[in-house]
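Written out below as structure tokens is the structure these notes cover.
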Amino acid sequence: MKLWALEYLLCPETGSPVELRDAVCEDGEVMAGSLRGASGREYPIRRGVPDLTLQPVSSAEDQTVAAFGEEWDIFDYREGFVASRELFFTFFPVLQRDDFPGRVVLDAGCGNGRWLGRMAEMGSRRVIGMDYSCSVHNSWLNTRHLPNVTVVQGSILQPPLRPGVFDLIASMGVIHHLDDPVRGMRELGTLLRPQGKIAVWLYGQEGNELYLSMVRPLRKLCPHLPTKLLLLLSRMLAVPVWAHAHATNRWWGTRRDGTGRLPMAGYFDFLSNLTFDDVVSTVYDQLTPQLARYYRRDEVDALFADARLTLTACDTPRGNSYSVAGTRAISGAKSECCGRKVA
Ligand SMILES: C[S@@+](CC[C@H](N)C(=O)[O-])C[C@H]1O[C@@H](n2cnc3c(N)ncnc32)[C@H](O)[C@@H]1O
């Protein structure tokens with residue numbers, strides 16, 4: 001944890017400031033010690049990361065977060081296309097490069113931290129990566145050399161962060177895994193500065209109908225499998241997925257005019273940029289969590305409205321997901337997105 005992180009941290013239980021105690025520092029990082037809230041509750045700092053988590057809100061959240069912690073231990077990649085700026089912007093066409101310079105940025109649900117370095121390189125003043133799972137330790141290893149990046153273990157549903165301090169919050173593939181996505185979005189909204197921007201990438205229901213009909217039954221079973229068995233199953237499933245992405249979909253997936261001839265042509269086209277191991281990780285990622293929602297467009301609108309956020313831009317990467325940006329709602333204001341009025 002960088003010392004400057006103290007400016008942003010709060011006790012998640014009481015919302016009070018935290019006091020640093022018994023700090024052991026190394027090269028500008030607080031490696032060990034604890035943070036104490038006003039109630040006297042102590043939060044340990046282990047291997048450079050403060051653990052500001054409270055109890056999970058449900059057993060499904062507990063399973064989902066533990067599963068992702070294991071996933072990022074197995075797939076701790078930090079380089080290549082899967083962690084590239086190019087890929088970042090294909091998930092987030094609603095963001096631009098000039099959203100970053102000089103800004104204080106939160107990556108909410110940062111996983112193994114693959115985007116923290118990209119956000120820092122684009123000129124962010126400070127980048128905080130937060131995740132509920134033990135993946136924070138991989139995030140920390142991947143970013144400890146960056147003076148403007150720090151990593152915190154905490155939950156979006158009980159964020160240990162000061163309200164109103166972030167210029168930009170980005171959250172890729174996280175909100176649909178929350179036990180209570182509206183609450184999560186609302187909590188994130190309170191962390192934004194008044195003119196701040198939030199961008200989330202969500203699974204879409206439209207464009208995923210065929211996929212969901214195959215994966216939903218597997219999702220009932222897979223989160224309960226031992227890790228090694230799930231990894232083996234993911235490797236086996238990755239073979240036809242990889243072959244289809246590189247052969248049938250490449251040859252016949254798309255018509256000359258760019259429209260898809262085969263189902264999910266855009267998605268398989270994206271998968272063809274990944275290595276085989278990345279495809280294994282993508283399959284594993286789909287099968288491991290208990291909590292995963294797929295949003296229809298009207299549900300995306302409702303998510304933002306219910307979280308009291310104003311939706312300002314919405315795109316549909318690869319035709320089967322939503323990339324959505326918004327701001328804190330100013331009461332009574334209306335915004336327009338994709339040609340529709342959004343409350
Ligand atoms: C599919 S991964 C995405 C990780 C990262 N955003 C990326 O694009 O590589 C979802 C992440 O959300 C995290 N997560 C789930 N529930 C969370 C919560 N309540 N608060 C913070 N992070 C959470 C998981 O631990 C996991 O790392």
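Values for this structure:
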item	result
Filtered residue count, the range 254-291, keeping only those that are outside any helix (DSSP H, G or I), among the β-branched types (Val, Ile, Thr) and within 22 Å of Asp179 (Cα to Cα)	1
Of all residues in the range 128-155 being aliphatic (A, V, I, L, M) and under 15 Å from Phe68 (Cα atoms), the one that is surrounded by the most Cβ atoms within 10 Å (Cβ to Cβ)	Val136
Flag for Leu221 being more than 12 Å from the ligand (Cβ to nearest atom) and either crowded, with 19+ Cβ neighbours inside 10 Å or modelled with pLDDT of 95 or more (or both)	no
Cross-chain or 6+ apart pairs with Cβ under 7 Å, the range 80-104 first and in a helix (DSSP H, G or I), then more than 15 Å from the ligand (Cβ to nearest atom)	Phe81/Asn273; Arg97/Met122; Asp99/Lys197
Search result, residues across the range 177-200 that are within 19 Å of Arg297 (Cβ to Cβ) and surrounded by fewer than 21 Cβ atoms within 10 Å (Cβ to Cβ)	Val182
So Val127, is it touching a residue at least 60 places away in the same chain (Cβ under 8 Å) and either within 10 Å of the ligand (Cβ to nearest atom) or of a type outside the set (Phe, Trp, Tyr) (or both)	no
From Leu212, Leu237, residue being farther than 30 Å from Gly164 by Cα, surrounded by fewer than 21 Cβ atoms within 10 Å (Cβ to Cβ) and touching a residue at least 60 places away in the same chain (Cβ under 8 Å)	Leu212
Residue pairs meeting the criteria (Cβ under 9 Å; at least 6 apart or on separate chains; first without any contact (Cβ under 8 Å) to a residue 12 or more places away in the chain, in the range 261-276; second hydrophobic (A, V, I, L, M, F, W, C))	Arg261/Trp252
Of residues in the range 36-61 being within 12 Å of the ligand (Cβ to nearest atom) and of a type in the set (Val, Ile, Thr), the one nearest to Pro223 (Cα to Cα)	Val57
Among the residues listed as Pro50, Pro12, the single one being outside any loop (DSSP other than H, G, I, E, B), in contact with a strand residue (DSSP E or B) (Cβ under 8 Å, 6 or more places away or on another chain) and touching a residue at least 60 places away in the same chain (Cβ under 8 Å)	Pro50
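The rows are residues; the columns are (1) out of contact with any helix residue (DSSP H, G or I) (no Cβ under 6 Å at 6 or more places or on another chain); (2) buried (at least 16 other Cβ atoms within 10 Å of the Cβ); (3) outside the structural domain of Tyr322 (by TED's automatic domain parsing).
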residue: Ser59; (1), (2), (3): yes, no, yes
residue: Glu79; (1), (2), (3): yes, no, no
residue: Val82; (1), (2), (3): no, yes, no
residue: Phe92; (1), (2), (3): yes, yes, no
residue: Asp98; (1), (2), (3): yes, no, no
residue: Arg103; (1), (2), (3): yes, yes, no
residue: Gly111; (1), (2), (3): no, yes, no
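The values are calculated or read from the model by the stated rules, or taken from the named source; none is laboratory data. Here the structure is a predicted model, which means the values were calculated and not measured. So basically every Cβ, Gly included, is an ideal-geometry build from the backbone, and we count neighbours across all protein chains shown.
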